[in-house]
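Read through the structure below, which is laid out as structure tokens, and then see the notes.
The values are calculated or read from the model by the stated rules, or taken from the named source; none is laboratory data. Quick caveat: nothing in here was measured; it's all calculated off a predicted structure. Glycine also receives a Cβ, built like all others from the backbone with ideal geometry; neighbour counts cover every protein chain displayed. For the accessible areas, the whole protein counts, side chains as well, though only heavy atoms, and no ligand, DNA or RNA atoms are used. Shrake-Rupley method; radii C 1.70, N 1.55, O 1.52, S 1.80 Å.
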Protein chains: 2
Amino acid sequence: MPREELQNLALRRQLFYPTAEIYANAPAGFWEFGPIGVRIRNNIIAFWRKELVERERLLEIHGSVILPRAVFEASGHLKSFNDPIVQCKKCHALFRADKLIEEKTGMHVPESMSIEEIDKLIAKHNIKCPKCRGALSNVRLFNMMMRVLIGATQNQECFLRPETCQNIFLDFLRLYKASRQGLPLGIAQAGSSFRNEIAPKQTLLRERELGQMEIEIFFNPDKINDVEHFDEVADYKLMLQRLNREGIEEISCEQAVKQNIVSGKLIAYWLARLQQFYEKCGIAKQKMRFRELDAEERAFYAKETWDFEVLTDLGWIELVACNYRTDYDLKGHSLGSKKDLSVKEDNKAFIPHVFELSAGIDRTFYVVLDQAIRKEKRGKEERLYLDLPVQLAPYLVAVFPLVSKDGLPEKAHEVFTLLEDYEFFCIYDEKGSIGRRYARVDEIGVPYAITIDYDTMKDDTVTIRERNTMKQKRVAIESLPELLWKLSVGKLSFQNI
Amino acid sequence: MPREELQNLALRRQLFYPTAEIYANAPAGFWEFGPIGVRIRNNIIAFWRKELVERERLLEIHGSVILPRAVFEASGHLKSFNDPIVQCKKCHALFRADKLIEEKTGMHVPESMSIEEIDKLIAKHNIKCPKCRGALSNVRLFNMMMRVLIGATQNQECFLRPETCQNIFLDFLRLYKASRQGLPLGIAQAGSSFRNEIAPKQTLLRERELGQMEIEIFFNPDKINDVEHFDEVADYKLMLQRLNREGIEEISCEQAVKQNIVSGKLIAYWLARLQQFYEKCGIAKQKMRFRELDAEERAFYAKETWDFEVLTDLGWIELVACNYRTDYDLKGHSLGSKKDLSVKEDNKAFIPHVFELSAGIDRTFYVVLDQAIRKEKRGKEERLYLDLPVQLAPYLVAVFPLVSKDGLPEKAHEVFTLLEDYEFFCIYDEKGSIGRRYARVDEIGVPYAITIDYDTMKDDTVTIRERNTMKQKRVAIESLPELLWKLSVGKLSFQNI
């Protein structure tokens, strides 16, 4: 579905909009989520928690976004979390040098390229300021972290975390010891990260304040192939776009391990779980791929990286970076903090290795919605609905009186209160024609709508309508709580009502 | 219950612990929540959302924590969000001048006192450095906001929000127009705020990065007494500690309005809803009060303030500030942004007034847990359990095999999987004696525990045990999903099983 549909929907239903928009010069790259947007966004986090954290027995933490300088000296971010930038000598506009070269030449500028090499490319291709055609300065490195000074004399230099995983590395040893479960041990966190992007763009796709849901699996590298439930995914096919291969290959986890396409079973297992999660979010398998990154494209801490991407009208969009970070982080923090972060298992002390699934919350939000938009011709009219899975829908059910008279609204309120008392998320609406009201909840993805009509007044039955098929069934009011409960946990399908 | 019990429990079960603790000089005032802590903390937010946002038809947003300077010029925070501080001329330690005076003299130093007056008090009472007895500098004002520079030339001065409500004021007009529901309109947000406290202390009670759940009710001041559901709270008694009165009075909402104790029905209504929420969180009414603040003690934007406080072993702890902010905020942002933020109702244009309920998430977490700790003598042993309401418990149910042999663990896993498939939050444990396992889930507040024993292997029944009473009932495995569902939404009580 085209990006425009989503932008229109976002605007019409306040799904998201710029931060501090009433102020003329508010900085770009900051976004607010409106009431419907928040519900869907929270549901994405809750579904991630349910499917990946809860079911996989991971531990979740909630840590501070402000961390001391020493953390980022040890993590390498002070040295390496940079973008190469150039400034126009005439109009003083700033640009990312790598992006200018990519736009002009189509070539990819890897993270590892030195600033001298980038300077040479700019000269070679005679690249000028895209705004005024002025000459460009030499390239300099710009660190993307945001600095905050703490304390009454502001003598404690801190930074806003550029990735949520740093808390996880800092907390690892405490949680490892307390959990007594040994390795592998997975720790997860969902929260905000901060990056001073030079050119935030495409709304939620490149933000300065971004939501991340990150999972770090700590494991013994000698046991990368000891994975308890590997048999559950052995035959499941990953969508892999390997280095130096044409196209996407469907390869089972078992084969991916056997052919050494991934470093071990643990990695195949987690790629599978992640892909399954996004399938459950409603994204078609044919629009997914794990793209393998080469050494130059990988982040500075990664030995093996698979970017999970989804094909949209904007091209492939990266939702998750899957990084084999080795012992890079714990080793760094051991040195930086002078605390020994090694563990002892099987009479051997070692620093655990880490495999990471770093998902963008807002990118997931954007792409899941983009992929869920459905348009159907219905006679002369076009119908638009959001095909969200029940777990992500902003409300489980809408409650409508057919008309706003003859006691129907009062009866509808009774039904609404009944369902609310059972803790279902419900929305009530009595304004406009019933068709308009169905359309309003369809476009925000509400899976079921209950209508109170004149028959209800006689026999205490209502209609329940399914969003996608628009089919209706007649059921007793008293059966609604159990029925909705079973629909919401997937223990009943609408057609079997 | 004594604070020590909670600190011990927090330590033993990793409920919370200092951020970046492996680094020697990490700044104070930052905290991490461990796996059990996160669950309870998330449940507190979800329960607030259910009881106050959802049931009261408020709109919720999720906004950025970074906001531009102009916002805080308009909000008054750049000018007024200050603490008075003094420095020791000898050892250079910094102190809050108001706190030093309070400690030495017992007198209260109001927010409105000028620095000259504070200087005079320090001289008059001959106050010295508490660390080295050195002389103190003159008082200066210290702004508690944290500055962040945005953009590649760092030319956009921003601040981390010191209160989550600022996004709400900035977003108000857009959401007001889109909602088409008119006033009163309530908007809520839960998230992080940041205050560069000079002396963070008492763990979660004074943090530099703090969780807030804020509600702003926008209303027409001429209609402060038009409250749709006021009759539901008219007879409900507020616990009020009024200015210049001895002790706490129980006063019904109706009387509070009639006697002009509050500015109108809208305020009484929301104080009642808030007090009811904390009752549902398990805090005894006898330990609550709304303390009325006088003009000098109120925040700079407030016309009427009731601090909701709970009595603990540390004294009264403020959990929520309830501020009648008038049109202060929207007027300020209208001027600052040059956007007209007035609304037009009944042919009259006006700036809505605001009543605010600003709750601390982490303070609520701390106090709810503190108040939930129960100790019971059981023969020679002492039993400790956390009497959390089911909505706040980290898990709904624990699943235990009586012993780890004879197929009982396998059967227990079956039951666990069954319940997990119904999306209940469950915990499995087979380590140690059954008594130890009950104790472990009791102390983190899990309300129910299911045990698989030898009878289970014969007839597919299990025992279900209630945390508080330790009573057990025998039920069929197949009845568990519906039974737990009804227990979790309050439609069934344990004694009626």
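Assorted remarks:
- When region A:101-122 is filtered for residues that are of a type in the set (S, T, N, Q) and touching a residue at least 24 places away in the same chain (Cβ under 8 Å), only A:SER112 remains.
- With respect to the conditions (1) closer than 23 Å to B:ASN42 by Cβ; (2) more than 11 Å from chain B (Cβ to nearest Cβ); (3) free of Cβ contacts under 8 Å to residues at least 60 places away in the same chain, A:ASN8 falls short on a single one, namely (1).
- Pairs where the first residue, in region B:11-24, is more than 18 Å from B:VAL441 (Cβ to Cβ) and in the same structural domain as B:GLU209 (by TED's automatic domain parsing) and the second is assigned to a loop (DSSP other than H, G, I, E, B) and open to solvent by less than 20 Å² (accessible area, probe 1.4 Å), C-beta under 6 Å, 6+ apart: B:THR19/A:SER64; B:THR19/B:PHE30
- The requirement of being closer than 30 Å to A:PRO27 by Cα and either surrounded by fewer than 22 Cβ atoms within 10 Å (Cβ to Cβ) or in contact (Cβ under 8 Å) with a residue 60 or more places away in the chain (or both) is satisfied by B:ILE66.
- Enumeration of residues in region A:200-228 that are within 17 Å of A:ARG55 (Cβ to Cβ), more than 25 Å from the chain's Cα centre (by Cα) and in contact (Cβ under 8 Å) with a residue 24 or more places away in the chain: A:VAL227
Table: residues versus (1) closer than 15 Å to A:LEU396 by Cα; (2) buried (at least 18 other Cβ atoms within 10 Å of the Cβ); (3) not aliphatic (A, V, I, L, M).
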{"residue": "A:ASP421", "(1), (2), (3)": "yes, no, yes"}
{"residue": "A:PHE424", "(1), (2), (3)": "yes, yes, yes"}
{"residue": "A:LYS431", "(1), (2), (3)": "no, no, yes"}
{"residue": "A:ILE434", "(1), (2), (3)": "no, no, no"}
{"residue": "A:ALA439", "(1), (2), (3)": "no, no, no"}
{"residue": "A:ASP442", "(1), (2), (3)": "yes, yes, yes"}
{"residue": "A:GLY445", "(1), (2), (3)": "yes, yes, yes"}
{"residue": "A:ILE450", "(1), (2), (3)": "yes, yes, no"}
{"residue": "A:THR456", "(1), (2), (3)": "no, yes, yes"}
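- Test: A:GLN276 is in contact (Cβ under 8 Å) with a residue 24 or more places away in the chain, surrounded by fewer than 18 Cβ atoms within 10 Å (Cβ to Cβ) and outside any loop (DSSP other than H, G, I, E, B): yes
- When the strands (runs of 3 or more DSSP E) confined to region A:409-497 are screened for residues that are in contact with a Ser or Thr (Cβ under 6 Å, 6 or more places away or on another chain), those reaching at least 1 such residues are found at A:448-452, A:461-466, A:472-476.
- Residue check, A:LEU341 within 14 Å of chain B (Cβ to nearest Cβ), open to solvent by 30 Å² or more (accessible area, probe 1.4 Å) and either under 25 Å from A:ILE40 (Cα atoms) or in a loop (DSSP other than H, G, I, E, B) (or both): no
- Each residue in region B:172-185 was checked for being surrounded by fewer than 19 Cβ atoms within 10 Å (Cβ to Cβ) and either within 21 Å of A:ARG39 (Cα to Cα) or within 10 Å of chain A (Cβ to nearest Cβ) (or both), and 6 pass.
- Note on region B:229-260: residues that are open to solvent by less than 40 Å² (accessible area, probe 1.4 Å), at negative phi and without any contact (Cβ under 8 Å) to a residue 12 or more places away in the chain total 0.
- B:LYS131 being in contact (Cβ under 8 Å) with a residue 24 or more places away in the chain and away from every other protein chain (no Cβ under 11 Å): yes
- Cβ pairs under 9 Å, 6+ apart, first in region B:171-182 and under 22 Å from A:GLY432 (Cβ atoms), second in a helix (DSSP H, G or I): B:LEU175/A:PRO35; B:LEU175/B:ILE168; B:ALA178/A:ARG12; B:ALA178/A:ARG13; B:ALA178/A:PRO35; B:SER179/A:PRO35; B:GLY182/B:TYR176
- Within region A:69-96, the residues that satisfy the criterion of being aliphatic (A, V, I, L, M) and without any contact (Cβ under 8 Å) to a residue 60 or more places away in the chain are A:VAL86, A:ALA93.
Condition check ((1) surrounded by fewer than 19 Cβ atoms within 10 Å (Cβ to Cβ); (2) assigned to a loop (DSSP other than H, G, I, E, B); (3) in contact with a His (Cβ under 8 Å, 6 or more places away or on another chain); (4) of a type in the set (A, V, I, L, M, F, W, C)) across all residues:
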{"position": "A:ALA268", "(1), (2), (3), (4)": "no, no, no, yes"}
{"position": "A:ARG289", "(1), (2), (3), (4)": "no, no, no, no"}
{"position": "A:ARG298", "(1), (2), (3), (4)": "no, yes, no, no"}
{"position": "A:GLU318", "(1), (2), (3), (4)": "yes, no, no, no"}
{"position": "A:VAL354", "(1), (2), (3), (4)": "no, no, no, yes"}
{"position": "A:ALA359", "(1), (2), (3), (4)": "no, no, no, yes"}
{"position": "A:TYR366", "(1), (2), (3), (4)": "no, no, no, no"}
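- Yes/no for B:LYS491 being without any contact (Cβ under 8 Å) to a residue 60 or more places away in the chain, under 32 Å from the mean Cα position of the chain (by Cα) and surrounded by 15 or more Cβ atoms within 10 Å (Cβ to Cβ): no
- Residues within region B:463-482 that are out of contact with any Asp or Glu (no Cβ under 9 Å at 6 or more places or on another chain) and surrounded by fewer than 18 Cβ atoms within 10 Å (Cβ to Cβ), tallied: 5
- With respect to being touching a Pro at 6+ places or on another chain (Cβ under 6 Å), open to solvent by 20 Å² or more (accessible area, probe 1.4 Å), in a loop (DSSP other than H, G, I, E, B) and not aromatic (Phe, Trp, Tyr), A:ALA20 falls outside the description.
- When residues of region B:48-63 are limited to those that are part of a helix (DSSP H, G or I) and open to solvent by 10 Å² or more (accessible area, probe 1.4 Å), the one farthest from the other protein chains (Cβ to nearest Cβ): B:GLU51
- A:LEU205 vs. criteria closer than 18 Å to A:ARG96 by Cβ, more than 9 Å from every other protein chain (Cβ to nearest Cβ) and crowded, with 24+ Cβ neighbours inside 10 Å: no
- Residues of region A:157-171 that are crowded, with 19+ Cβ neighbours inside 10 Å and outside any helix (DSSP H, G or I): A:CYS158, A:PHE159, A:LEU160, A:ARG161, A:PRO162, A:GLU163, A:THR164.
- Condition met for B:ALA188 (surrounded by 17 or more Cβ atoms within 10 Å (Cβ to Cβ), in a strand (DSSP E or B) and of a type outside the set (D, E, K, R)): yes
- Counted residues, region A:23-55 - those being under 19 Å from A:GLU207 (Cα atoms) and β-branched (Val, Ile, Thr): 4
- Test: residue in region B:32-43 that is small (Gly, Ala, Ser), open to solvent by less than 50 Å² (accessible area, probe 1.4 Å), assigned to a helix (DSSP H, G or I) and not assigned by TED's automatic domain parsing to the domain that holds B:ARG180: no
- Some residue of region B:372-382 being more than 32 Å from the chain's Cα centre (by Cα), within 30 Å of B:GLY186 (Cα to Cα) and open to solvent by 30 Å² or more (accessible area, probe 1.4 Å): no
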